Number of protein chains: 2
Amino acid sequence: MRVSIYDTTLRDGSQGEGVNFSLQDKLLLTRRLDEIGVDYIEGGYPLSNPKDFEYFQAVRELPLKHAKVCAFGMTRRKNAPAETDTCLKALLDAKTPVVTIVGKTWDFHVTEVLGTTLEENLRMIADSVAFCKSQGREVFYDAEHFFDGYRANPEYALKTLQAAATAGASVVILCDTNGGTMPERIAEVVGAAKRAVPCEVGIHCHNDCELAVANSLTAVRAGATQVQGTMNGIGERCGNVDLLSVIANLALKYKHEVLRPESLARLTETSRYVYELANMNFRVGQPFVGASAFAHKGGMHTHAVAKDPTTYEHITPEAVGNERRILVSELSGHSTILTKTAKYELNHDKALMTKILSAVQDLENQGYEFEAAEASFDLLVRKVAKEHKPWEVEKKLKLYKPWFERVTYRVNIEARENGTPITEATVRLKVAGQIEHTASEGDGPVNALDGALRKALVRFYPRLNEVQLTDYKVRVVNPRAGTAARVRVVIESRDGADVWGTVGVSENVIEASWLALVDAIEFKLFKDEDRPGR
Amino acid sequence: MRVSIYDTTLRDGSQGEGVNFSLQDKLLLTRRLDEIGVDYIEGGYPLSNPKDFEYFQAVRELPLKHAKVCAFGMTRRKNAPAETDTCLKALLDAKTPVVTIVGKTWDFHVTEVLGTTLEENLRMIADSVAFCKSQGREVFYDAEHFFDGYRANPEYALKTLQAAATAGASVVILCDTNGGTMPERIAEVVGAAKRAVPCEVGIHCHNDCELAVANSLTAVRAGATQVQGTMNGIGERCGNVDLLSVIANLALKYKHEVLRPESLARLTETSRYVYELANMNFRVGQPFVGASAFAHKGGMHTHAVAKDPTTYEHITPEAVGNERRILVSELSGHSTILTKTAKYELNHDKALMTKILSAVQDLENQGYEFEAAEASFDLLVRKVAKEHKPWEVEKKLKLYKPWFERVTYRVNIEARENGTPITEATVRLKVAGQIEHTASEGDGPVNALDGALRKALVRFYPRLNEVQLTDYKVRVVNPRAGTAARVRVVIESRDGADVWGTVGVSENVIEASWLALVDAIEFKLFKDEDRPGR
């Protein structure tokens, strides 16, 4: 059975805190969703703001292959004809093949929020659907608060669906607007709705009880054929259902037809694309598509996964375009190192593997952790390989070379009675045989050091301008010794293409930060050398 | 019906990427979990690393009210007696009231990963359970990969449970280790397990399909009486089930007895505490406890919520200690402040409570978080109270007074080619009318500042010698107001009697550390003045 996917990232998703798509973002996302085979794309609420209005004009120029664009709006106002309703007019002016009309199910909302009678609400639904239908549109009817309404007054709730279906809606969508319904109740109520109307039934869930995916799947099992949701589950409060999880489960676990056959392998890429557009951080633990979704840390697990991945993976990561990651941590051993260096095809060289493992263990004893610092691990492999057998290894990976040498650095922080102190850093480096001596102020010591470092290097390596520091974390490594203990600094950097983590450990937080900063810069330089064409 | 909560944040949770608890963190979390009524706390895997071993020694000194601490380990090795097994010995040496033994269910794992026969695996389970039982422990049996094993060979899977139950396990826990099982299947298989064994059945889910909460609730509906999981769902890959969501759903939706009646209102606070300990960022959209979980952005929604919150909220946020946010109002609400100041019996003073709330909100806007910094919160209450109504309030708590004034400080860090830089701090303070000018070297800037501060103060306040800094954490925060990134420093201090956390926020990590250091010192001085006899 095919299950239709109705994406409302651009409308309901943009209700999420901090989410804001530009017109350009909205068009880009529409194209991407069409490419992977999303059936319906809800572009916005044409009456609500000029950006949504412009979107509907611009989207008509896009050469979409499969998706139908939908405009979203409310039923007509009470006690006034549909033909002259401003909202319905805007909806039709959007000139989309589909319009989605939302109306009230819950008697309490009708009387308390709308302030009208139950009968008038039924007429509002019927008139609005019929009018849009008469103008040549396919009409979907979103039954807001359907499950709460059904609990309060089941008979009336079903009547609202019947009003929409009789007036010509091709799908009525049951919305768990407040996200508070339990799965077994979803199954029961979807069943009742199916029996009450001749048209298709859809489901629209929110994640307030962390059950949106389960509720959507349950609804499909109970007969729903359309699932509404958003990419990455962005949306108001705890978000809408994450369509990526719904799609993966429907296709891989229930063998339903969904999107296109080849699209499943693009789910991870789609997830990251949406986060980038929305300027949000990735959620590493996100099911199916997160960077940690197939990451293995425990030594025992790592060992078993190396033997056979199905031991600790329910699907292959490639099925959803994701990849397996073996984390280097205090819990892991030889098999971890083997897996992590697999891409360099050095595994036959057991002596090298042993040297890398022993280098990792030495550093772990000093307080290093590489699991959030894969770039530092990569540099470590290059450093160990350089000491080992350059003539054989060099074919596989660029050996470590220093890109510059530190001569000195100095940081000075001075504070008066109140307010933020003044911070200045100076660095002296040897780059390409020359001494570079630079200085920079900063918001704090790391910022000032970073500034001075870049000033010294950017003339030689202009692509360092692409690097941004995006996160900075500090932990004490053995807390029992208080501030005299060592600190571990983890820095996250990104450029246009990648995100990478580096680590530094020292008794001095400034020195630890320096080490992590230097790794971040060196990794960038090696990375670009590996892929010079990019 | 009571459902037992088994927390494995400290063991399975620490398998999560980037998660690393110090010994002190583990003890603090154990105390907090006990306070809210968690029934079982899995402290670690005594054989795996020295930190877990030390934990089990130290935890015996904690005055726990309700929770039973559990040590986790594997069944005995193949073809060798339980009595001489190193892992089981370590498990018993942990001296916990409960031991949890994990064993293999899936025939494929037995032959391929363990490399033994199906019969020997049954003996390994039975022997290990029986041996621990004979040593006076309550034994829980974790059936790894139960659902996958049951699919492959249902008869054998049930035999492994029966082996454990017959040997004396009081609960057998069905683990969806790979997180790939669908809810309806969970229901079916839990039912089969219930019929096969006379003892209690528990459930342990992972979130790889975003179904861990649904699966855990389904299992309880099918007869499971223990739910295992982690706080905030931290854990390997996509995490374990989030116990906070499970607890809220069990209590509020299914009316089960869980934790203590009053603990539900502490779920939000618990969530944030765990994130702070793990040095992880909060997930704003997290169900029930996230900062956005009851945030309303849509104009229509906001309006309706103002009329009646049940229009767009499935539960009241206060039920889980969270709060409603309209537009961009802040994390902490009135009820939090009331709870946090309850010990001073100032709650009748509504004007004071409002002033404290507003001071907290101002600071939260700057990036402060008080969840792990109750000592800084305590000082804040004293500061606000001082401005308020000294004559009435003073009977209840000592009002804030500065113990010294800062005139200047300066930190200088200088590094040569290699090794740790040299760090020197100087401070000028005004103490009891005198200027104290001191200097100190240190391993790093915070250590040097701390040294100089103490040198200046200890002559006046000798009990500062008792204070040790035990932890130091730094995180970049994006303040809700303002543009430049800030860092939040959280310092943990202890003396013979207490452990306390303080916080400082600034664009400059040194200044943020200074603020947290000063709070740590001032709190110590107030604390000793409150209890001079100690």
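Just so it is clear, none of the values below were taken in a lab; they were calculated from the coordinates. Bear in mind the structure is a predicted one, so any value in this text is a computation, not a measurement. FYI the Cβ positions are ideal-geometry reconstructions off the backbone, even for glycines, and counts take in every protein chain you see.
The table below gives the values:
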read-out: Top-ranked residue of the range B:34-44 - restricted to ones that are touching a Leu at 6+ places or on another chain (Cβ under 9 Å) and of a type outside the set (Asp, Glu), ranked as nearest to the other protein chains (Cβ to nearest Cβ); value: B:Gly44
read-out: Residue within the range A:182-194 that is within 7 Å of chain B (Cβ to nearest Cβ), under 24 Å from B:Asp208 (Cα atoms) and over 20 Å from the mean Cα position of the chain (by Cα) present; value: yes
read-out: Breaking point among (1) touching a helix residue (DSSP H, G or I) at 6+ places or on another chain (Cβ under 6 Å); (2) in a helix (DSSP H, G or I), for A:Cys87; value: (1)
read-out: Residues being in a loop (DSSP other than H, G, I, E, B) and either within 13 Å of A:Phe131 (Cα to Cα) or charged (D, E, K, R) (or both) - total across the range A:90-121; value: 1
read-out: Criterion: more than 11 Å from chain A (Cβ to nearest Cβ) and in contact with a His (Cβ under 8 Å, 6 or more places away or on another chain) - qualifying residue of B:Leu363, B:Leu352, B:Leu453; value: B:Leu352
read-out: Candidate set: the range B:72-93, residues that are over 17 Å from B:Gly168 (Cα atoms) and aliphatic (A, V, I, L, M); chosen: the one nearest to the chain's Cα centre (by Cα); value: B:Ala90
read-out: Filtered residues of the range B:415-428 (kept if under 39 Å from the mean Cα position of the chain (by Cα) and either facing chain A (nearest Cβ under 7 Å) or touching a residue at least 60 places away in the same chain (Cβ under 8 Å) (or both)); value: B:Ala415, B:Thr420, B:Pro421, B:Thr423
read-out: Options B:Ser128, B:Ser134: the member that is surrounded by fewer than 16 Cβ atoms within 10 Å (Cβ to Cβ), under 28 Å from B:Asp39 (Cβ atoms) and hydroxyl-bearing (Ser, Thr, Tyr); value: B:Ser134
read-out: Residues of the range A:94-111 that turn out to be away from every other protein chain (no Cβ under 12 Å), among the polar types (S, T, N, Q) and either farther than 12 Å from A:Cys175 by Cβ or under 31 Å from the mean Cα position of the chain (by Cα) (or both), as a count; value: 2
read-out: Criterion: in contact (Cβ under 8 Å) with a residue 60 or more places away in the chain and more than 31 Å from the chain's Cα centre (by Cα) - qualifying residue of A:Lys383, A:Lys389, A:Lys398; value: A:Lys398
read-out: Matching residues in the range B:43-62 - criterion: being of a type in the set (A, V, I, L, M) and either farther than 20 Å from A:Gln361 by Cα or within 16 Å of the chain's Cα centre (by Cα) (or both); value: B:Ala58, B:Val59, B:Leu62
read-out: Some residue of the range B:242-258 being within 14 Å of chain A (Cβ to nearest Cβ), in contact with a strand residue (DSSP E or B) (Cβ under 7 Å, 6 or more places away or on another chain) and under 24 Å from B:Gly103 (Cα atoms); value: yes
read-out: Subset of the range A:166-197 that is β-branched (Val, Ile, Thr) and farther than 26 Å from A:Gly235 by Cα - its residue that is surrounded by the fewest Cβ atoms within 10 Å (Cβ to Cβ); value: A:Thr166
read-out: Meets criteria (within 30 Å of A:Lys255 (Cβ to Cβ), touching a residue at least 24 places away in the same chain (Cβ under 8 Å) and among the hydroxyl-bearing types (Ser, Thr, Tyr)) for A:Thr86; value: no
read-out: Conditions (1) buried (at least 22 other Cβ atoms within 10 Å of the Cβ); (2) in contact (Cβ under 8 Å) with a residue 12 or more places away in the chain; (3) of a type in the set (A, V, I, L, M, F, W, C); number of the one not met by A:Val110; value: (2)
read-out: When residues of the range B:53-76 are limited to those that are in contact (Cβ under 8 Å) with a residue 40 or more places away in the chain and of a type in the set (D, E, K, R), the one surrounded by the fewest Cβ atoms within 10 Å (Cβ to Cβ); value: B:Lys68
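Quick grid of which residues meet (1) outside any helix (DSSP H, G or I); (2) within 9 Å of chain B (Cβ to nearest Cβ); (3) surrounded by 18 or more Cβ atoms within 10 Å (Cβ to Cβ):
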position	(1), (2), (3)
A:Leu399	yes, no, no
A:Ile413	yes, yes, yes
A:Lys430	yes, no, no
A:Glu441	yes, no, no
A:Asn447	no, yes, yes
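Yes or no, residue by residue, for (1) within 11 Å of chain B (Cβ to nearest Cβ); (2) within 30 Å of B:Thr111 (Cβ to Cβ); (3) surrounded by fewer than 17 Cβ atoms within 10 Å (Cβ to Cβ); (4) in contact with a Gly (Cβ under 6 Å, 6 or more places away or on another chain):
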| site | (1), (2), (3), (4) |
| --- | --- |
| A:Arg260 | no, no, yes, yes |
| A:Leu264 | no, no, no, no |
| A:Thr268 | no, no, no, yes |
| A:Ala278 | no, no, no, no |
| A:Val284 | yes, no, no, yes |
| A:Phe288 | yes, yes, no, no |
| A:Ala293 | yes, yes, no, no |
| A:Val305 | yes, yes, no, no |
